[in-house]
Amino acid sequence: MHSIWTAAERIEWLLALALFLLFLAALYSAPARASDIYSAALPALGVAERTVDGINTTRGTDMLIVYTPGTGRATTGTNQWGYEVVVEDGYVVAAGGNNSPIPQNGFVVSAHGASIPWLQENAPVGARVTLNGRELRITVDAESHKRLAAEVLRYTEEVLGTAWDMVPRASQDEVAHSMDRAQAALMDGEYGKAIQLAGEARFYGTPSL
């Protein structure tokens, strides 16, 4: 049986596939601070407190450890079996992953095993975090919602900008329109709407085969 595709059609399909793979590479090679940001939704308001198991110590089974610049290392040095959030200037700026860079203006909270769900639930991007000795306090308030929405928009613009040449030409106007509306929603304090519109922009900006 002969192929129904012409040589030109096969080349066109391969080019489309290559563009799609390049887009995915741009999406998933983004820095750790953007991890999990695409699944972001406005978290519940509230305060969570917990005593951490150690500071600048080895992360063991089910432990919650804080890593500060005092450890003398550039990263936490943790393996893949955990979950971490990065705190800069008192706010969570990254959530997800392991072996995170330790910021000079903050610290990393690293969870393993049974401690992971607690950290995932209570420390979204934008949350305010304080550490007093080994006492950890995490607050999610209206400012947290604003910071989360702003980070979702920033990351969306970063990824789409990196892959802009791969966005179907017919979709570029839709992407720009959705991002304009998302920015307006952010300015108006409609943070959930801003996140939703950023998701629409990513949908329109994803190359199709």
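The values are calculated or read from the model by the stated rules, or taken from the named source; none is laboratory data. From a predicted model like this one, the values you see are computed outputs, not experimental measurements. All Cβ positions, glycine included, derive from the backbone under ideal geometry; neighbour counts span all protein chains shown.
Below is a table of values for the structure above.
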{"read-out": "Only listed residue being closer than 18 Å to G205 by Cβ and either assigned to a helix (DSSP H, G or I) or assigned by TED's automatic domain parsing to the domain that holds E84 (or both), chosen from V159, V109, V125", "value": "V159"}
{"read-out": "Flag for G133 being out of contact with any strand residue (DSSP E or B) (no Cβ under 6 Å at 6 or more places or on another chain), farther than 30 Å from T68 by Cβ and not aromatic (F, W, Y)", "value": "no"}
{"read-out": "Some residue of the range 129-136 being of a type in the set (K, R), surrounded by fewer than 18 Cβ atoms within 10 Å (Cβ to Cβ) and assigned by TED's automatic domain parsing to the domain that holds E84", "value": "yes"}
{"read-out": "Verdict on V92 being modelled with pLDDT under 95 and of a type outside the set (D, E, K, R)", "value": "no"}
{"read-out": "Count of the range 106-120 residues which are surrounded by fewer than 13 Cβ atoms within 10 Å (Cβ to Cβ) and under 18 Å from the mean Cα position of the chain (by Cα)", "value": "1"}
{"read-out": "The range 155-177, subset modelled with pLDDT of 85 or more and among the charged types (D, E, K, R), residue surrounded by the fewest Cβ atoms within 10 Å (Cβ to Cβ)", "value": "D173"}
{"read-out": "Count of residues meeting criterion [surrounded by 14 or more Cβ atoms within 10 Å (Cβ to Cβ), without any contact (Cβ under 8 Å) to a residue 24 or more places away in the chain and either of a type in the set (S, T, N, Q) or not in a strand (DSSP E or B) (or both)] in the range 54-101", "value": "3"}
{"read-out": "Hey, T139 hydroxyl-bearing (S, T, Y) and over 15 Å from the mean Cα position of the chain (by Cα) or not", "value": "yes"}
{"read-out": "The lone exception for A182 - which of (1) at pLDDT below 95; (2) in the same structural domain as E200 (by TED's automatic domain parsing) it fails", "value": "(1)"}
{"read-out": "Residue within the range 145-161 that is without any contact (Cβ under 8 Å) to a residue 24 or more places away in the chain and more than 21 Å from the chain's Cα centre (by Cα) present", "value": "no"}
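To keep it simple, each residue is scored yes or no on (1) hydroxyl-bearing (S, T, Y); (2) assigned to a strand (DSSP E or B); (3) at pLDDT below 95; (4) out of contact with any helix residue (DSSP H, G or I) (no Cβ under 7 Å at 6 or more places or on another chain).
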| position | (1), (2), (3), (4) |
| --- | --- |
| S115 | yes, no, no, yes |
| L131 | no, yes, no, yes |
| R137 | no, yes, no, yes |
| E143 | no, no, no, yes |
